[in-house]
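Some notes on the structure that comes next.
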């Protein structure tokens with residue numbers, strides 16, 4: 001019989017994975033900040049620009065935040081910064097007076113394309129020597145955990161972000 005204080009083996013493995021994901025997230029944010037700093041971006045701004053670029057239509061801040069799995073208030077702060085610096089613009093929303101639509105400007109597209117040109121060699125070097133099958137397995141595991149958390153939180157699934 002298992003002690004209530006000791007997680008099951010899969011629970012311990014999930015705990016170890018979660019802790020490592022937290023560590024990885026911190027390192028990714030620091031590396032991303034260095035990669036894009038001279039473009040006037042941070043990892044957070046890059047992430048929001050990426051969500052805007054990935055959307056087939058202009059979206060509200062609330063919708064972008066849901067798609068990214070983040071809180072609206074945090075995304076709103078970044079959207080305000082990006083708008084004040086000309087990377088994005090806020091447009092009238094015919095379906096809601098107060099919830100503006102977020103759209104990329106030419107400056108934003110140029111910056112996002114520059115990030116993409118930098119990201120490819122960076123990620124290729126980072127992944128060098130790692131097995132694509134192993135990386136895909138890790139991806140499936142992390143996605144499964146995210147989906148379970150979204151269900152637990154009542155968020156539904158948002159797809160890969």
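The values are calculated or read from the model by the stated rules, or taken from the named source; none is laboratory data. Source: prediction; values computed, not measured. All Cβ positions, glycine included, derive from the backbone under ideal geometry; neighbour counts span all protein chains shown.
Data overview
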| item | result |
| --- | --- |
| Hey, residue 84 out of contact with any strand residue (DSSP E or B) (no Cβ under 9 Å at 6 or more places or on another chain) and at pLDDT below 95 or not | no |
| Filter result for the condition that a residue is under 25 Å from residue 55 (Cβ atoms) and modelled with pLDDT under 95, over 146, 118 | 146 |
| Odd one out for residue 81 among (1) farther than 29 Å from residue 148 by Cα; (2) surrounded by fewer than 15 Cβ atoms within 10 Å (Cβ to Cβ); (3) free of Cβ contacts under 8 Å to residues at least 40 places away in the same chain | (2) |
| Criterion: at pLDDT 95 or above, within 28 Å of residue 127 (Cα to Cα) and outside any loop (DSSP other than H, G, I, E, B) - qualifying residue of 79, 102, 48, 75 | 48 |
| Verdict on residue 33 being more than 26 Å from residue 144 (Cβ to Cβ), free of Cβ contacts under 8 Å to residues at least 24 places away in the same chain and surrounded by 15 or more Cβ atoms within 10 Å (Cβ to Cβ) | yes |
| Options 28, 41: the member that is within 17 Å of the chain's Cα centre (by Cα), outside any helix (DSSP H, G or I) and closer than 30 Å to residue 121 by Cα | 41 |
| Selection from the range 126-138 of residues that are part of a helix (DSSP H, G or I) and more than 21 Å from residue 47 (Cβ to Cβ) | 132, 133, 134, 136, 137 |
| Where a residue in the range 92-117 is on the phi > 0 side of the Ramachandran plot and its partner, wherever it lies, is buried (at least 16 other Cβ atoms within 10 Å of the Cβ) and at pLDDT below 95, with Cβ under 6 Å and at least six apart | none |
| Of the criteria (1) crowded, with 16+ Cβ neighbours inside 10 Å; (2) in contact with a strand residue (DSSP E or B) (Cβ under 8 Å, 6 or more places away or on another chain); (3) under 28 Å from residue 37 (Cβ atoms), which one residue 105 fails | (1) |
